[in-house]
Amino acid sequence: MSSAHPRRWSALAVIALAQFVVIMDTSIIGVALPEIQAALGFGAESLSWMFNAYVVALGGLLLLGGRLSDLFGARRMFMFGWAILAAGSLAAGLAGSVGVEIAARAAQGIGAAFIAPSALTLLMMLFGSDPRELMKAFSIYGAAAPAGGTAGVFLGGVITEWISWPWVFFINIPLALGVLAVTPRLMPGVPARRGSVDVLGAVIATAGLALTVFGVVRAPEEGWQAPATLLSIAAGAALLAGFVAVQAVRRAPLLRLGIFRAPNLAAANVSQLLLGGAWIPMWFFLNLYLQRVLGFGAFEGGAALLPMTAMIAVLMVVVAPRLQARVGAKPMVVGGLLVLGSGLFVLSLSRPDGSFAVDVLPGSLLAATGMALAFIPSLGTAIQSAPPEEGGLASGIVNTAYQVGSALGLAAMTAVAGSHGADRIGDAAAQTGGYSAAFVGAAGVAVAGAIVALLTLRSPGPAQPELDATAADDRQAIAA
């Protein structure tokens, strides 16, 4: 189209890189943890905060990142997030103590919380005027997430073995500098809008989400009945309820509650939450099965996930957009979640003396197919359901839904796996039983997501094309 941004495809490469790095940073430290523990003196309990600090900061600040993107411009917040991520990565690589390392990981999560919603907003600004191009852009963006997760495991092993553990953090710095250099030329800019930042709402929402995620991710170690677990989750829930009450009376709220009246926005976000709650535990426990039961090394384990990643990339970029154009978003989300659940059930049949070809490859490819079919339609529906001027907020909401769902799902399935023997290191049969239980639990989450999508997602009615055309015109004006 003549009014389309001339460098939109180059810009999309940078946006996809952002999604890749945000997800990669959750997994790249896994293989390096023993080296980090020995170098900095982490205890067994505090070591888990290498993961949790990033996840809590990311999940707790995504709504604020989305709101600031709407107020101050997505391009500005995108660059601001990359600057924070680079600073946090430098601090993490140079850290000489446990406290500094955990704080630096939290800083990485803060940077990612500003990058993720602004990246989606920029994608909508660049491609929102052409539905076909938008679907293709969503597909490329979506494929970057599983690629980042797999690359994190693979690169973490290579860097730790052949270079040194600080480089699992330093690798972000040249990427961030490159993005900061090209973003002003590639990304559309818009003037800052009038409006205030709801500081009280941001504090309450961040604290509520952080306490809730904190309680759940710590529950497998502390115990679900432990006072610390119950107090954290209860306090988080109370703060989130208070956040809703504050937003209802604020003149310029952080989260305009009326946005959820948009058709399909709430339903699509629930689908994303349950999709993350099923997919991330599958990826996590499949990696453990490969390394602890089948005896794969870090490099081999990362390579074993490549077929699954390639399947997702091909399906998301080539197949899913064409299929959605024919059948619509709802059948894709429902069908994809059911296929994901089927793949998880197949993985639950894995044996202690199994093999990659029989016990891993079929189930992982089936699960990857389900993920590829469900992710883009649910993500696109959530973003497109919101008014264009609240694209950043909608991006923050859907990112929050997926990240919080991932954290809650992983914590719950970790508890399930542990109660079925997954923590009996050296006992392949017991560990396999624990992982199988986690796969079954994750399959249940996926099936629940399919049921929720079936009951709540609405197929476009006769008036929907007109609404889409109006939204497209608005986004075209912004992009121009």
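If the condition is being outside any helix (DSSP H, G or I) and touching a residue at least 24 places away in the same chain (Cβ under 8 Å), then segment 206-248 contributes only TRP224. Of the candidates LEU274, LEU255, the single residue that is in contact (Cβ under 8 Å) with a residue 40 or more places away in the chain, of a type in the set (A, V, I, L, M, F, W, C), in a helix (DSSP H, G or I) and within 30 Å of ILE376 (Cβ to Cβ) is LEU274. So in segment 420-453, with the set limited to residues that are assigned to a helix (DSSP H, G or I) and free of Cβ contacts under 8 Å to residues at least 40 places away in the same chain, which one is farthest from ALA268 (Cα to Cα)? Per the stated criteria, the residue is ALA430.
Table: residues versus (1) under 21 Å from the mean Cα position of the chain (by Cα); (2) surrounded by fewer than 21 Cβ atoms within 10 Å (Cβ to Cβ).
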residue: LEU231; (1), (2): no, yes
residue: VAL246; (1), (2): no, yes
residue: ARG251; (1), (2): no, yes
residue: GLY258; (1), (2): no, yes
residue: GLN272; (1), (2): yes, no
residue: TRP279; (1), (2): yes, no
residue: LEU286; (1), (2): yes, no
residue: LEU290; (1), (2): no, no
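Report yes if ALA472 is of a type in the set (A, V, I, L, M), modelled with pLDDT under 60, within 29 Å of the chain's Cα centre (by Cα) and closer than 21 Å to ARG326 by Cα, otherwise no. So ALA472 fits the description; yes.
Let's see how each residue does on (1) of a type in the set (A, V, I, L, M); (2) under 30 Å from GLU133 (Cβ atoms); (3) in contact with an Asp or Glu (Cβ under 7 Å, 6 or more places away or on another chain):
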site	(1), (2), (3)
ARG351	no, no, yes
ALA357	yes, no, no
ALA374	yes, yes, no
PRO377	no, yes, no
LEU393	yes, yes, yes
ALA407	yes, no, no
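The single condition among (1) touching an Asp or Glu at 6+ places or on another chain (Cβ under 7 Å); (2) more than 26 Å from ALA382 (Cα to Cα) that TYR54 does not satisfy is (2). Would you confirm, using the coordinates I've provided, whether VAL203 is outside any helix (DSSP H, G or I) and surrounded by fewer than 21 Cβ atoms within 10 Å (Cβ to Cβ)? In short, no. Being β-branched (Val, Ile, Thr), closer than 28 Å to ALA386 by Cβ and out of contact with any strand residue (DSSP E or B) (no Cβ under 9 Å at 6 or more places or on another chain) is a property that holds for ILE204. Can we say VAL216 is within 29 Å of SER118 (Cα to Cα), of a type in the set (Val, Ile, Thr), in contact with a Ser or Thr (Cβ under 9 Å, 6 or more places away or on another chain) and in the same structural domain as VAL14 (by TED's automatic domain parsing)? In short, no.
For the residues GLY328, GLY354, the requirement of being on the phi > 0 side of the Ramachandran plot and either of a type in the set (A, V, I, L, M) or surrounded by fewer than 23 Cβ atoms within 10 Å (Cβ to Cβ) (or both) singles out GLY328. Among the residues of segment 87-134, just one is among the basic types (Lys, Arg) and either surrounded by fewer than 22 Cβ atoms within 10 Å (Cβ to Cβ) or over 18 Å from the mean Cα position of the chain (by Cα) (or both), namely ARG132. Residues in segment 375-419 that are in a helix (DSSP H, G or I), more than 25 Å from VAL314 (Cβ to Cβ), of a type outside the set (A, V, I, L, M, F, W, C) and over 14 Å from the mean Cα position of the chain (by Cα): PRO388, GLU389, GLU390, GLY391, GLY392, THR414, GLY418, SER419.
The values are calculated or read from the model by the stated rules, or taken from the named source; none is laboratory data. Everything numeric here is computed off the predicted structure, so don't read it as measured data. Here the Cβ is made from the backbone with ideal geometry for all residues, glycine too, and neighbour counts use every protein chain on show.
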